[in-house]
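Please treat every number below as a calculation from the coordinates, not as lab data. On a predicted model such as this, the values are computed, not experimentally measured, just so you know. So basically every Cβ, Gly included, is an ideal-geometry build from the backbone, and we count neighbours across all protein chains shown.
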Amino acid sequence: MFPSIFCIGLFLFNIQFISGAIPSYLKVCHRGPGFSECAVADANEVLPHLLKGERQMKIPNMIPMNFPEVQIDAGPNLKIALYNLDIYGLDTMIIDDFQIDFDKLHVMLAMHAKQVSLIGTYDIDGQIMVLPIQGKGPCNLTIVNPEFVYQFDYKLVQKNGGEHAEVLESSLDFNIPKTYINLENLFNGNKQMGDHVNEFLNENDKEFINEISGAVKGTISAIGQQFFQGIFDSIPYDELFLV
């Protein structure tokens, strides 16, 4: 769930230090046959630095990552809002593959994490699967061993006296083997009904994730696209990826 958050900032892992504007711990990988291997190795080396935040590169602190509000429209029968959402566990993430097709202008990132927890406050109303659900209160969703693939196309444009990348279409796919779900104060604090619904959701966690997957993918892909565009606007393309 919320897999796009793991994509934020990863595209920057092959950047070198340029005139003091980019942190020196970010390394360069040249375009060519060895790009993917180099990018994966460098990405995993600099990931701990980037997760702490990098103001110059417009990367927020992601330990934890905070979202004041996330609205999820899972269709006409289910409305979900999450508030003051903290996401823990991004520091368990490993980059498995990092590919750029420099001819087709396409990026693909594959990654996995050991465990990611989403902790905040929820507001839910409607029906999930066949079960009515309603409530407001604290929530904890912990996903175990998630795998993510984030892809996007881009084009090159002239901007600020140089050539920059511009993000086009993006997509996000994920595989989540197990999710542990705890929604407190369901049905205005009715413990019996709340316990029953939480038990049902945990027994059917894959269906729960599938129920809201479309909304989650769209929301997080949009966040990732907006973030990456800020980076590309700041750094010329040929300084991001050396020939």
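A few comments on the model shown:
- Straight-line cross-link reach from Lys217 at under 27 Å between alpha-carbon atoms covers these lysines, not counting any fewer than eight positions away in the same chain: Lys52, Lys58, Lys79, Lys104, Lys114, Lys136, Lys155, Lys178, Lys206.
- Dipole of region 3-240, positive direction: furthest Cα of Pro68, Val46, Ala113, with charges on the beta-carbon: Pro68
- Residue-averaged [θ]222 nm for the chain, counting only DSSP H segments that reach four residues, each worth -39500 (n - 2.57): -8500 deg cm²/dmol
- Near Cys38, once Lys and Arg are set to +1 and Asp and Glu to -1 for all other residues with Cβ below 13 Å from its Cβ, the sum equals -2.
- Diagonalising the gyration tensor over the Cα atoms of region 104-200 and scaling each eigenvalue by 5 before taking the square root yields semi-axes of 40, 16, 12 Å, largest first.
- With 0.36 nm allotted per residue and the present C-alpha distance subtracted, the Asn84-Lys104 stretch has 3.3 nm of extension available.
- Mean Kyte hydropathy of -0.5 or more with a Cα span along the axis of at least 20 Å, helices from DSSP in the chain: 35-51, 205-234
- Computing FRET efficiency as 1/(1 + (r/R0)^6) for Gln158 and Asn77, where r is the C-beta to C-beta distance and R0 is 35 Å, gives about 0.15.
- A cut-off under 11 angstrom between Cβ atoms defines the neighbours of Thr121, and their net charge, with Lys, Arg +1 and Asp, Glu -1, is -3.
- For Cys29, the amide hydrogen comes within under 5 Å of the amide hydrogens of Leu242, counting only partners 5 or more places away or on other chains and with H modelled in the peptide plane.
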